[in-house]
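None of the figures in this text is laboratory data; all of them are computed from the coordinates on show. Just so it is clear, the structure is predicted and the values come from calculations on it, not from any experiment. Every residue, glycine among them, receives a Cβ derived from its backbone with ideal geometry; neighbour counts consider all protein chains shown.
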Amino acid sequence: MSVARRARENGPFAAIGVLAATFAVAVAHFVASLLNPQSSPILAVGSAVIDATPTPMKTWAIRQFGTNDKIILIGSVFAGTLVLAAIAGIIARRHLRAGLVITFILVAIAGVAALVRPTAEILDVIPALVAAVLGPLTLWWLVRALRALEGPVAASDAEPGSSRRGFLIGSGVLLLGGAAAAGAGQWIYKTRSSLSNIVLPKASRTLPALPAGLEAKVPGITPFSTPNDKFYRVDTKLAVPIVDHNDWVLTVDGMVDKKLKISYNDLRDMAFEESDITLTCVSNEVGGRYVGGARWLGVPLKRILDQAGISPDADQLMSTDVEGFKIGTPMSALLDGRNAIIAIGMNGKVLPREHGFPARLVVPGLYGFVSATKWVTRLTATTYAKDTSYWTDRKWATDAPIKIASRIDTPKALTNIKPGMTAIGGVAWAQNNGIAKVEVRIDGGAWTEAELGPSGGNDYWRQWFLPWDAPAGNHRLSVRAFGNDGSEQTAVKANPFPAGSSGIQEVVVTVS
C-alpha cells in the first residue's frame, strides 16, 4: 500500500481521535471551572510538567519566551495530547479496544496529575473522570460511524444505520459543543475572578502622591509607576488561583510562642500603611523587563511576627500559598527594620488575583523567589536545616539580595535613530538601598553622570536620562548605577541561576 493511500485511509480516523479528545478536554475544562480551575486536565498535566522540569530548562524558557512561557507550555501539552489522540484514532480503525485504552490512559494521566498536587482534594479528580468517560465513548461512536462509511471494509461491529450525513452532523455537534463548553468555562472563570465588590481599608499612614516621572519628558522611558496590568508576573501557576476572601485564613505557626489565625476581615482591621516598593524577579537578565515599581497597601510583617513571638532559633520564614507552594525567606531580612509587608492593595486598588489576592508578601531588597509569595495562606517560623522550599530544592540560592542594576530603555537596542539631539534614558534600582548616581558610557569612552528623575524612596527604582547629540554611525551605549551606600554595579557577568544576573548592559544603535 502506498504512503498516499495509507494517509487517505488513516487521516479521517486521526481526525476523529483529535475530535474525541478535544471534546472531552473541553467539557472537563468546563467542569473544572465550576470546581477548581487547576484541576482542568491540561492545566493539571502542565503544572506537573513545570514541577518536573529541570532548572536550566526553566531558565531557558523564561529567557526565550518571557511571560509567554505558560502559553507555550499549555500549547505544547495540548499539542502533545492531540498527537497521541490522533494515534489512538488511527489504531482504533483496526483495533477499536486498543484505541479506547490509549484514550483512557491519556485522561488517567491528567487525573493522577490533579491528585498529586499538595493541596489536592478528592473532587479535583472529577474533571479527569469526565474526560475519561467522554473521550473513549466519543471515540467509540465516531469510529463505528466512520467504519460504516468505508463500505465493504466495514468492521463487523459497524452500525447499519450509520450514514454520511449523520456522521457529519454528529461530528459538527461535538465540535460546536466542545467550543461552547470551553468558552463557557473561560467565562465562568473570569466571572468568579471579579473583585469589584471589595473596598480597601483606609491607611493609617499614607504617602504623598508619587511625583511625576520622566516619561513625559523622555519618550520611550519606563513609567515611574507600573500599572497593575503591566506589572510583570512570573510564577508556576498555569491558572490563577480563585480564592474566596471570606474563607481565607492566614496561619502563623512553627517556632512561635503563640499560633495565630488571621481572617481577611481580621487583617483589614489592622493598621495599614502605604509603601512604595520595587520588585525584581531573579530570572531577570541584564537589561531585562522582570522589574516593576508599585505603591502597596499592607500591614508590616514584623508586627504580625512580634505578635506570634518568633523563637530566636528560627532562621527561616516558610510561606505557603493556597496550593501548597512554599517559599523560604531569611528571618534576618524580616527583622532588620526593612519595610517588609503583607499587602492586600496595589496602586490604590484591591490586589489583583494575578498578583496574589487576597494577600501576598512584599519584601524590599530580596528577589521575589525568596520573598514575594503570592496567595499566601501560611507563615511558618522554622530553620533551613529542617525545611526546604520549592526553589531551594531546585538548587537556587537561599539568601538572594537584589543586585544593583540599571537598564537602557531608549534608544532600544539595534534600532535606527536620526542624528541630532536625543536622550539616552532608562531606570536603575537598588532596593533597600536607593540609587545615588547613574553613569552612561558612549563608544567605550569616559563615564558621564546622567540626570536622575524624582525619588520614590530607597525601596523604589529611579529613572535617569542623559542628553546626547547623536552623530551618524554605529554606537555602543552602556550604563551603570551606584547605591546610596557607595556600592557600585558590578561588571562581572553572571546568569540568573542561582542568585540573580549581573553585568553591565550594552546596546548598539545606528544613527543615520
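A dipole drawn for region 366-477 from +1 and -1 charges on Cβ atoms has a positive end, and of A470, W375, I435 the residue lying farthest that way is W375. Residues L176, L279, ranked from the fewest to the most other C-beta atoms within 10 Å, line up as L176, L279. Beta bridges from DSSP with both residues in region 405-511: antiparallel share about 95 percent, rounded to the nearest 5.
Membrane-span-like helices of the chain, defined as complete DSSP H segments with a Cα extent of 27 Å or more along the helix axis and a mean Kyte hydropathy of at least -1.0, are identified as 3-35, 69-94, 96-115, 126-148, 164-192. Residues whose amide H lies under 5 Å from that of L207, counting only those 5 or more places away or on a different chain, are E274; hydrogens are built 1.01 Å from N in the peptide plane.
Partners of K237 within straight-line reach, counting aspartates and glutamates whose Cα lies under 20 Å from its Cα and excluding those fewer than 8 residues away in the same chain: D51, D69, E121, D124, D229, D321, E323, E354, D393.
Pairs from the list K217/K326; K258/K386; K230/K403; K202/K374 with a Cα-Cα gap above 31 Å: K217/K326. With the simple spin-label model, which puts each label point 7 Å out from Cα in the Cβ direction, the D399 to I105 separation comes to 5.0 nm. The modelled label-to-label distance for the pair E451/D229, using points 7 Å beyond Cα in the direction of Cβ, is 3.3 nm.
Ordering A494, G456, G483 by Cα displacement along the dipole of region 405-511 toward the positive end leaves A494 in first place; charges were set at the Cβ atoms of Lys, Arg (+1) and Asp, Glu (-1).
Working ranking of peptides 321-331, 257-267 by packing, defined as the average number of other Cβ atoms within 10 Å per residue, highest first, is 321-331, 257-267.
Along region 430-441 the Karplus relation, 6.51 cos²θ - 1.76 cosθ + 1.60 evaluated at θ = phi - 60°, assigns HN-Hα couplings of 8, 4, 6, 8, x, 8, 9, 7, 10, 10, 10, 10 Hz to successive residues, with x for each Gly and Pro.
Backbone amide hydrogens, once placed in the peptide plane, bring T448 within less than 5 Å of V440, R441, excluding anything fewer than 5 places away on its chain. Ordering I504, G75, L34 by Cα displacement along the dipole of the chain toward the positive end leaves G75 in first place; charges were set at the Cβ atoms of Lys, Arg (+1) and Asp, Glu (-1). Per DSSP helix of 4 or more residues, -39500 (n - 2.57); summed, then divided by the residues of the chain. What does that give at 222 nm, rounded to the nearest 500? Rounded to the nearest 500, the figure is -11000 deg cm²/dmol. Of the labelled figures (1) 1.07; (2) 1.01; (3) 0.99, only one reflects Rg/Rh (Cα atoms, Kirkwood Rh) as derived from the coordinates, namely (1).
Radius of gyration (Cα atoms) of region 279-393, expressed as a multiple of 2.2 N^0.38 Å: 1.03. Computed from Cα atoms alone, the Kirkwood hydrodynamic radius reported for region 405-511 is 14.3 Å.
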